[in-house]
Amino acid sequence: MDFIVGVISMAIDIMIWIIIAGVIMSWLVVLNVVNPANQYVGMVYNLINRATEPLLNPIRRFMPNLGGIDLSPLVLILILVFIKYLLFANPGEAVLFLIITAFNIVITIVIVCAVMTWMAAFGAINLNNHFVYMVFDSLSRICDPMLNPIRRLLPRVGGIDLSFVVLLLALFALRYLLISLI
């Protein structure tokens, strides 16, 4: 039984890495870093797409439009991580681990959005660059629903949006509370 669980766990890990490779490959194609018309690049790209698209397409039907940013790979990775947790823990612990993983992802997204917002406020990044603007807009669409209630209560200080700090403190506190339940 342990052998079968190990093989399934390894297959899930391999699938997660294929999904990550697909995301990186799609970024490289969009940014014209690699040429999909190249025979070898095209072969790898098609192989990755054939392995991931049947799993990603059903998720995409339910995902909201975030201005060109596809979060379906992230959702699929969370589903696979949940299945892997189920192999080694009871369902309650697996759900808790999944929620903690989701909190870690949200915290990372909020931190990246905060840094980009503060860099934009000081003119350190060029929002006229299409790719930079697309990333910034997508992150803002994700973070703004969490930040807007805080922004109504907390004014900007010297042009700096401190609502990110309050949100991060709340997210870290909730994550700590969840970890203490394990």
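Here, each number is a calculation from the coordinates, and none is a lab measurement. The structure displayed is predicted, hence computed values, not measured ones. Cβ atoms come from the backbone with ideal geometry, glycine included; neighbour counts cover every protein chain shown.
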Under the Debye formula (equal points on every Cα, no solvent term), log10 I(q)/I(0) of region 62-143 at q = 0.19 Å⁻¹: -0.87
Rounded to the nearest 20 debye, dipole of the chain from Cβ charges on Lys, Arg, Asp, Glu: 360 debye
Two-site FRET efficiency, residue 8 against residue 132, from Cβ-Cβ distance with R₀ of 41 Å, rounded to 0.05: 0.55
Inter-centroid distance (Cα atoms) of region 1-66 relative to region 81-109, Å: 21 Å
